[in-house]
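Let me begin by presenting the structure, written as structure tokens, before commenting on it.
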Amino acid sequence: MSPALPEGERVPDGGPLAGLAAGGGAVLPPFGVYLHVPFCRVRCGYCDFNTYTAGELGGGADQAGYAATAVAEIRLAATALTTAELPARPAATVFVGGGTPTLLPATDLLAMLGAVRAEWGLAPGAEVTTEANPDTVDEASLEQLAAGGITRLSLGMQSAVPHVLATLDRTHTPANVGRAVAAARAVGLDVSLDLIYGTPGESVADWRRSLEAALDLAPDHVSAYALGIEEGTRMGAQVRRGELPPTDPDDQAEKYEIADSALASAGLPWYEISNWARPGHQSRHNLGYWRGADWWGIGPGAHSHVRGTRFWNVKHPRAHAALVRAGRLPAAGREVLNPEERAFERLMLGVRLAEGVPVRGRARDLLPGLITRGLVEAAPAEHGRVVLTRHGRLLADAVTHELAG
Ligand SMILES: C[S@@+](CC[C@H](N)C(=O)[O-])C[C@H]1O[C@@H](n2cnc3c(N)ncnc32)[C@H](O)[C@@H]1O
Ligand code: SF4
């Protein structure tokens, strides 16, 4: 989710990359670009992403001017990488996320993608995803996006059950999802569906129905998240006041196991705790996050990671636009990870992946005990790799902390 920004250290006058070692190692990680679009037509009660409805934004940060601001920021970012003498390389992946990117006209999204192409280039076969709400796309808009270089559509389906969609404040109907998927297929896009389980009032039968409806659409990729009740959201307040029951961890665990077996049986094995895909259709962009690759995040509140340094942008679109207009990168803070922090991060993220993560020393000695408790797979552990079992995936954070000591 997208909570408040971390504390971190002040960004030096030279920018978020000031003081990083110049040059590059022999093998560079892939480079990805995240483009944040902070607008939604309606804010869903459960959502704490950095996004705003038209009524919440005053002058200086309107939707019409957003693409130009993002393009200017991409140019500033490219210059900063060159100035820091960090090896430039084409983007292997681009992810346009939100908010609701498809609230902007296709020409705006393509202008942003065009700036990435002009400044960094796109690697051959680059994966270019845009998120979308099912009621914000049609065949004409998707055709334009596909012709302009978008290769993948990630649709927020959430549920196929009307009363669950209503509790989630969603504006789309189940029929919208089918139409959007058909339109995406017609123009040759890869399709991913986002689902949410464990919404108050959702029965196990409701969840099975949503999974079946999603699988009937033959997606290439599915993300399924346990509903999180976040502080500061409308749903958080409803739960605090007793108007909605809190989520139930046992119910969510049962639904996770149902999802994992339904998706795997349909030919979409898990590759990350909350993500399943047909072979060859994993999200390469998100894999970059979990494998510790480099990426640059553009837009209000966007996070970046370049060779062990993390930095993040100011959160509000108005502050963001004002800094970019003044010719400055809108970074609000940064964190330079030391080797121990980098190792912990690699463990914490890598343990989420079906490919697992290597461990050594004391952590490796703990593996037999974790296997006995049914948390870690035995075969990869013989080679010092931690791969979680289905049960272990429900306890991934606890396993990480145990391994980290
Ligand atoms: C930033 S949204 C973008 C997609 C698009 N705006 C939409 O909602 O259709 C990405 C995904 O995050 C998930 N999400 C957002 N808030 C969540 C929460 N509180 N708990 C679980 N999943 C959440 C939803 O599945 C959503 O599709
Ligand atoms: S449409 Fe998506 S990003 Fe917007 S408020 Fe709803 S879940 Fe959040």
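The values are calculated or read from the model by the stated rules, or taken from the named source; none is laboratory data. Note that the structure is predicted; figures quoted are calculated from it, not measured. Note that we place each Cβ from the backbone using ideal geometry, even for glycine, and neighbour counts take in every protein chain shown. The accessibility values were calculated without ligands, DNA or RNA, using every heavy atom of the protein model including side chains. Shrake-Rupley method; radii C 1.70, N 1.55, O 1.52, S 1.80 Å.
Couple of notes before you dig in:
- Backbone amide hydrogens, once placed in the peptide plane, bring VAL96 within less than 5 Å of LEU35, THR129, THR130, GLU131, excluding anything fewer than 5 places away on its chain.
- Partnerless cysteines, meaning none of the other Cys C-beta atoms lie under 4.7 Å away, in the chain: CYS40
- Ligands, DNA and RNA excluded, the heavy atoms of PHE95 present near 20 Å² of accessible surface to a 1.4 Å solvent probe.
- Distance-filtered residues of the stretch 83-123 - backbone nitrogen under 19 Å, label point 7 angstrom along ASP13 Cα→Cβ: 83-84
- Pairwise centroid distance, computed over Cα atoms, of the stretch 195-260 with the stretch 300-316, Å: 29 Å
- Fully extending the segment from ARG41 to THR53, taken as 0.36 nm per residue of separation minus the present Cα-Cα distance, adds 3.8 nm.
- Net charge contributed by nearby residues that have their C-beta within less than 12 Å of VAL42 (K/R +1, D/E -1): +1
- The accessible area of TRP207, taken with all protein chains in place and a 1.4 Å probe, comes to roughly 0 Å².
- Rounded, prolate or oblate (a/c below 1.5 giving rounded, otherwise prolate when a/b exceeds b/c) for the stretch 347-404 by Cα gyration tensor: rounded
- Lys/Arg +1, Asp/Glu -1 at C-beta; the chain dipole; positive extreme among HIS163, GLY236, THR102: THR102
- Antiparallel DSSP beta bridges within the stretch 31-336, as percent of all bridges there, nearest 5: 30 percent
- Cβ-based net charge around ALA253, under 12 Å, with every Lys or Arg adding one and every Asp or Glu removing one: -3
- Accessible solvent surface per residue of the chain, calculated while the other protein chains remain in place, 1.4 angstrom probe, Å²: 43 Å²
- Fraction of accessible area attributable to carbon and sulfur, the chain (%, probe 1.4 Å): 54 percent
- Projected label points at ASP248 and ALA186, each 7 Å from Cα along the beta carbon direction, are separated by 4.3 nanometres.
- Separation between Cα centres of the stretch 322-374 and the stretch 31-107, rounded to whole Å: 25 Å
- Simple Cβ-charge dipole of the chain, Lys/Arg +1 and Asp/Glu -1, about Cα centre, in debye nearest 20: 740 debye
- Amide hydrogen proximity for GLN158: with H placed 1.01 Å from N in the peptide plane, the residues at 5 or more positions away or on another chain lying under 5 Å are ASP194, LEU195, ILE196.
- Over all other residues within a Cβ to Cβ distance under 15 Å of LEU244, the charged ones net out to -4, with Lys and Arg as +1 and Asp and Glu as -1.
- Dipole magnitude of the stretch 347-404, debye to nearest 20 (Cβ charges: Lys/Arg +1, Asp/Glu -1, about Cα centre): 40 debye
- Computed on protein heavy atoms with a 1.4 Å probe, the accessible areas place ASP62, ASP135 in the order ASP62, ASP135, largest first.
- Distance (nanometres) between label positions extended 7 Å along Cα→Cβ at ARG342 and ALA379: 3.3 nm
- The stretch between ARG360 and ALA147 holds 71.9 nm of extra length on full extension. This uses 0.36 nm per residue minus the Cα-Cα distance.
- Gain on full stretching of the segment that runs from LEU20 to ALA68 - 0.36 nm per residue minus C-alpha separation: 14.4 nm
- Per-pair calculated FRET efficiency, R0 = 56 Å: ARG89 and ALA166 via Cβ, rounded to 0.05: 0.75
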